[in-house]
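Heads up, the thing below is written out as structure tokens.
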Amino acid sequence: MSRQIHIGKLMLGGGAPVRVQSMTNTDTMDTRATVEQALRMVEAGCELVRITAPDVKAAENLGRIKEELLKRGCEVPLVADIHFNPKAAEVAATLVEKVRVNPGNYTDRNTGKLEFTEQEYNDELKRIGERMATLIDICKAHHTAMRIGTNHGSLSERIMSRYGNTPEGMAQSAIEFARVCEEQDYHDLVFSMKASNVKVMVDSTRLFVQKMHALGMDYPIHLGVTEAGDGMQGRLKSAAGIGALLLDGIGDTVRVSLTEDPEAEMPIAYDILQAVGARITQPEYIACPSCGRTQYDIQTALREIKEKTKHLVGVKIGVMGCIVNGPGEMADADYGYVGSGHGKITLYKGKEIVKRDIDQRDAVDELVKFIENDRKQ
């Protein structure tokens with residue numbers, strides 16, 4: 001289990017629920033548009049809102065955005081997304097609850113150098129520590145958290161010279177920054193290994209966690225397949241990468257990166273969390289695909305059951321075509337709806353039959369009524 005840190009009033013890691021976050025795509029200098037979008041994101045379930053701060057003016061405007069959100073009764077923590085501009089990070093860290101920096105383009109210098117001697121490599125690490133000191137001091141003074149976000153494809157020349165554009169390089173880059181922070185007694189950290197390639201994202205995250213634990217570190221992990229695209233492809237790539245790591249027990253916050261309005265990301269994130277059992281926010285349905293043995297309209301029944309039980313958070317309902325495999329395959333369901341003959345349905349509580357051979361026209365309502373009465377007892 002990771003350590004727990006605070007991002008404003010929000011707890012992250014250490015047994016807290018896996019948090020869902022997203023990022024605005026408005027112009028940060030357009031305060032009204034950014035606030036309105038952030039409110040829509042929160043309404044959709046977003047628990048941390050990330051906003052780009054490419055320069056000092058944008059970083060300063062985060063304070064105005066924060067003020068407007070508070071006026072609207074919204075206390076969602078804000079995360080400043082920083083690339084290339086340490087000064088913008090230092091300003092933002094005084095205004096919002098978290099800053100995100102990318103080791104590959106934050107303090108590392110890109111000069112065209114292709115080889116580093118051991119001394120040159122270590123000198124660069126020392127310089128990074130000195131350059132990070134101001135930001136770390138500000139974060140400590142303002143209780144601001146920091147995400148060290150390594151991206152595949154944006155590794156520094158220094159890392160590339162030794163490790164190449166590999167999961168090893170990504171993990172090592174983050175470890176170096178972790179050490180810099182720990183040397184300065186700063187521990188409010190989150191780490192991420194982002195890639196548009198699912199395998200690279202999974203491999204680099206697993207490798208980083210292995211290295212981190214070997215050093216006695218236990219920082220929270222942010223998961224996401226960056227630039228996943230849109231539509232079904234974006235959703236499947238995100239589910240594959242995020243889901244694989246959650247099943248490993250890795251991950252404290254997730255972002256589904258879709259080329260769509262950010263509000264569209266939250267339902268997918270919650271669906272992924274639900275599917276792997278990481279965070280239960282809705283009912284769960286076990287439903288067979290049906291076959292020639294099914295003697296009722298299972299597709300219509302499933303739609304009706306989902307519509308009428310969508311408020312029953314955490315309840316697991318099996319909707320099965322017949323008694324051949326149905327009762328066994330829905331064995332861990334709380335309630336069951338199983339075909340038992342032509343147009344007939346049998347209802348279950350767990351593995352026990354509670355009512356046999358109900359006409360399919362009445363069976364959905366009978367199931368809902370039984371569940372609601374049973375949960376009152």
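The values are calculated or read from the model by the stated rules, or taken from the named source; none is laboratory data. Just so we're clear, the structure is a prediction, and the values are computed from it rather than from any experiment. Cβ: placed from backbone, ideal geometry, glycine included. Neighbour counts: every protein chain shown. When the accessible area is computed, the model is the full protein with side chains, heavy atoms only, and any ligands, DNA or RNA have been set aside. Shrake-Rupley method; radii C 1.70, N 1.55, O 1.52, S 1.80 Å.
Of the Cα atoms belonging to the stretch 134-257, the radius of gyration and Dmax stand at 14.6, 44 Å. For Cα extents along the principal axes in Å, pick the label among (i) 78, 47, 35; (ii) 97, 57, 39; (iii) 63, 48, 38 that corresponds to the value derived from the coordinates. Label of the calculated value: (i). Counted residue by residue at 0.36 nm each, then reduced by the alpha carbon distance between them, the extension gain from GLU118 to ASP332 reaches 71.3 nm. Between CYS291 and ASP357, the modelled label-to-label distance comes to 2.5 nm, taking each label 7 Å out from Cα in the direction of the beta carbon. Equivalent ellipsoid of the stretch 186-277: semi-axes from √(5λ) of the C-alpha gyration tensor, largest first, are 23, 13, 12 Å. Gaussian network model of the chain, Cα springs within a sub-10 Å range: biggest mean-square fluctuation belongs to which of THR26, THR94, THR294? Looking only at THR26, THR94, THR294, the biggest GNM fluctuation is shown by THR294.
How much of the accessible area of the chain, in percent, comes from carbon and sulfur atoms when a 1.4 Å probe is used?
Values: 8270 of 17020 Å².
Heavy-atom surface of the chain belonging to carbon and sulfur, 1.4 Å probe: 49 percent.
Short-range pairs are left out: with C-alpha atoms under 8 Å and at least six residues apart, the relative contact order of the stretch 1-112 is 22 percent.
If the only charges are +1 at each Lys and Arg Cβ and -1 at each Asp and Glu Cβ, what is the size of the charge dipole of the chain around the Cα centre, to the nearest 20 debye? Display every interim value, and only then the final one.
On the way: 47 positive and 54 negative charges, 118 e Å.
Roughly 560 debye for the chain.
Over the stretch 303-377, accessible surface divided per residue gives 56 Å², non-protein components excluded, 1.4 Å probe.
Can you give me the relative contact order of the stretch 164-302 as a percent, contacts being Cα pairs under 8 Å and 6 or more apart?
Numbers: 164 pairs, mean separation 26.2, N = 139.
Computed value for the stretch 164-302: 19 percent relative contact order.
Residues of the stretch 40-69 falling in the label zone of THR281, defined by backbone nitrogen less than 11 Å from a point 7 Å along Cα to beta-carbon, are 42-48. Compared with the dominant principal axis of the Cα atoms in the chain, helix 198-214 is inclined by about 70°.
Which value, in Å², gives the accessible area per residue of the stretch 21-124 when a 1.4 Å probe is used on the protein heavy atoms?
Values: 4620 Å² over 104 residues.
Value returned for the stretch 21-124: 44 Å² of accessible area per residue.
Sorting the Cα pairs of the stretch 14-166 by distance into bins of 5 Å, from 0 upward, gives 2, 9, 17, 19, 16, 14, 10, 7, 4, 2, 0 percent per bin. Pairs with C-alpha atoms separated by more than 31 Å, drawn from the list LYS9/LYS194; LYS306/LYS376; LYS98/LYS308; LYS87/LYS194, are LYS98/LYS308.
Which of GLN274, GLN282, GLN37 moves the most in a Gaussian network model of the chain with Cα springs under 10 Å? Judging by the Gaussian network model, the answer is GLN282.
The angle between the Cα long axis of helix 56-71 and the main principal axis of the chain comes to about 40°, on a 0 to 90 degree scale.
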